[in-house]
Structures are given as structure tokens and as C-alpha cells.
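Notes follow the structure.
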Amino acid sequence: MITAEMILLLVIIAAVIIVLAVFFTFVPVMLWISALAAGVKVSIFTLVGMRLRRVIPSRVINPLIKASKAGINVTTNQLESHYLAGGNVDRVVNALIAAQRANIALTFERCAAIDLAGRDVLEAVQMSVNPKVIETPFIAGVAMDGIEVKAKARITVRANIERLVGGAGEDTVIARVGEGIVSTIGSSDDHKKVLENPDLISQTVLSKGLDAGTAFEILSIDIADVDIGKNIGAELQTEQAEADKKIAQAKAEERRAMAVANEQEMKARVQEMRAKVVEAEAEVPLAMAEALRDGNIGVMDYMNIRNIEADTDMRGSIGKMSSDDKNGPGNNLRNS
């Protein structure tokens, strides 16, 4: 039979189990034991404080253990503050370990700043040890003789830890190298010189200090491939000649239109003058009639004028007939 004492004992045991479960859930005892076993002194209250500050203890303690085993002096507060700032604590510690192994002077503050800047600090440290090769696309330039030359370059760069914060990235390096290639090809008198000595491009570009203000240090620029493109000079001359032709045609058409308009204007003036002549001839009979009425001329004078006109018409007819006889029938047929 279950007594009240047994029920009370069961309730106490259940309460103890619940309290222990909550305790072990809230307090990472196993993580604390792991830290002690690794020789890292972390109090249990520090772990509880991390829980209260909404910090996952394993994200801080495990990198701390790793750093301690590697001989890197970092504190819990440094790692926790970096975690609260949104950084990747594990990556920062790995970068510090890699830098120490490679004898690269890198402090925790510098490493944390690089990580918070959005750059992969571990990759930067690895690139400092093992330089990276950046390959550019084909970059086209036009030599002074008008021939297009295309060049592809391989840029060997090494990360500059001091300029990772605020330094330009790979795109800027590629753009600067491309600008240097274009200017070098453009300053060449003959495209054959570029084909014969492609190292002139790399030497000229490398001497310009294109890595200034970037997060990298350019070690070498090697021309991987050189190719011939279009004859840009000939195409430009052809296009210019075609444009000049169209301009000349337009001007000729303008002159032709002006000539046609002038011709039509002259024809209109001729017709106008003919009309004036006809108008003037029409006034002659009126003037003669008025002269007869006024007695300025006599009837005999008028008859003499008519005889002269008839004589003139007859002579004109005779002259025309003699001209037709000189041309002959054959000439008349050809003329017809």
C-alpha cells in the first residue's frame, strides 16, 4: 500500500531530476569539463553568463581550447565580444594559428577587424603563404597601325594583410591590369612588335604599381596568350569614306535641286518676258489707230508700213525655202 511518505519521496525525486535536467541544459557542464581537461581555466559562472548574454558557449570555448593548444594568447572576453559583433570566432582562431605557423605577424584585433569587414581572413592568410593566380579575359587593344591585338594575362598576387581592411578587391586589380594592357598596346607603333615581344606588356604594366590601394601585392604579370583581331584602322577608314561619300552625294543632290529650281525659275521668267512682248505687240495696232485719228500719220504712211511688213514676210518665206533646199531631201528625212 502506497503511503504518503512514499508519494512525497517520489515527488522529491522527480523534482530533483527536473532540476538536474534544467541545470545540465542551462549550464554546459561537459563543455566546462572539456575546458578543464585541456588546461583552459573557465569558471562555471562564466559559462552561465554566456547563456544569459545569449552566447552559445561552444562557439567560444572550443576555439579558445584550440587557441590555447596552439600557444596563442587570447581571452574569453575577446572571443565573446567578437562573437557578439557578428564575427566568425572559429575562422579567426584558425587564421591566427595559420599565421603563427607561417611566421606572419597578425594580432587578434587585426584579424577580427578583417573578419568583420566581410573578408575571409583564413583565405587571406593562406593566400599570403600560397599566392593566388588571377586570369583575365581577352583584353583588346589597338596598335598605332590600326591592327587590333587581344591579350590574356595571368596575375600572380599575394594577400596584403595590412591593406585587407579598406583595400580594393580582385575586380580592381583585373581592371587596372586591363587598362595597362590597352595603353601598352595602343602606344606600340606596330602590332608585330607586340607579337614578337609580349613580355613588353607585362614589364610595362608591372612597373606602373597597379597594386596601390588594393588588398593584394602583385608578384608577376604573365601574358598567357596573344591573338590578332580586326583591322580597326581599315574599318574606320572605310566607314569614314562611306560617310564622306554620303555627304558628297547629299551636297550634289542639293546642288542639283537648286539647279532644277533655278531652271524652272528661269523658264518662268522667259514666259513672263514673252507675255510682256505679246502685250507690247498688242499695243502697236492701238497706237497706230490712235495716230491715224490724231493725224500724226497719213493713210499712205500706213499703207507703206503694211507693204514693208508684207515684203519682209515674203523674204522670210523665200529664205526658209532656200534653206530647206540646201539641206536636201535626205537631210530632211534624217532631221525628221
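No value in this document is a laboratory result; all are computed from the given coordinates. Not measured: the values here are computed from a predicted model. Neighbour counts are summed over all protein chains in view; Cβ atoms, including those assigned to glycine, are modelled from backbone coordinates with ideal geometry.
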Distribution output for the chain: share of Cα-Cα pairs per 20 Å bin in percent, first bin at 0, values 17, 21, 16, 12, 11, 10, 8, 4, 1, 0
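Report, in deg cm²/dmol and to the nearest 500, the calculated mean residue ellipticity at 222 nm for the chain, where each DSSP H run with n ≥ 4 adds -39500 (n - 2.57) and the sum is divided by the residue count.
Calculated at 222 nm, the ellipticity per residue is -22500 deg cm²/dmol.
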Plugging the Cβ-Cβ distance of Lys152 and Glu123 into 1/(1 + (r/R0)^6) at R0 = 25 Å yields, to the nearest 0.05, a FRET efficiency of 0.50
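Dividing the alpha-carbon Rg of segment 132-234 by 2.2 N^0.38 Å yields what? Could you put the intermediate results ahead of the total?
Details: Rg = 14.2 Å, N = 103, 2.2 N^0.38 = 12.8 Å.
That works out to 1.11 for segment 132-234.
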Percent antiparallel among DSSP beta bridges confined to the chain, rounded to 5, stands at 95
Expressed to one decimal in nm², the mean projection of the alpha carbon convex hull of segment 115-166 is 5.1
Under 5 Å from the placed amide H of Ile134, counting only residues 5+ away or on other chains, we find Ile155, Thr156, Val157
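Quote to one decimal, in nm, the extra length available between Gln240 and Val165 on full extension: 0.36 nm per residue of separation minus the C-alpha distance between them.
Working: separation 75, 0.36 × 75 = 27.00 nm, distance 5.01 nm.
Working it through step by step, the gained length comes to 22.0 nm.
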In degrees, nearest 10, the alpha-carbon axis of helix 170-186 is tilted away from the dominant principal axis of the alpha carbons of the chain by 40
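Taking the Cα centre of segment 132-234 as origin, work out the dipole magnitude from +1 charges on Lys and Arg Cβ and -1 charges on Asp and Glu Cβ, in debye rounded to 20. Before the final figure, lay out the partial values.
Details: 11 positive and 16 negative charges, 28 e Å.
Computed about the Cα centre, the dipole is about 140 debye.
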At R0 = 45 Å the Cβ-Cβ FRET efficiency linking Ala14 and Ala85, nearest 0.05, sits at 0.60
Any lysines whose Cα falls less than 22 Å from that of Lys41, other than same-chain ones fewer than 8 residues away, would be Lys66, Lys69
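Can you give me the convex hull volume of the Cα atoms of segment 4-129, divided per residue and expressed in Å³? It would help to have the intermediate numbers written out before the result.
Details: hull volume 13.2 nm³, N = 126.
Residue-normalised Cα hull volume stands at 105 Å³.
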Charge dipole of segment 1-123 built from unit charges on the beta carbon (Lys, Arg +1; Asp, Glu -1), centred at mean Cα; most positive-end Cα among Ala38, Ala95, Ile17 is Ala95
Between Val74 and residues 5 or more places away or on another chain, the pairs with built amide H atoms under 5 Å apart involve none
Amide H proximity to Leu106 below 5 Å, modelled H, separation 5+ or other chain, gives none
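With +1 on the Cβ of every Lys and Arg and -1 on the Cβ of every Asp and Glu, and nothing else charged, how large is the dipole of the chain about its Cα centre, in debye rounded to the nearest 20? Each step should come with its number before you reach the end.
Values: 37 positive and 43 negative charges, 496 e Å.
The calculated dipole for the chain is roughly 2380 debye.
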Quick calc, segment 188-228, dipole around Cα centre from Cβ unit charges on Lys, Arg (+) and Asp, Glu (-), nearest 20 debye, gives 140
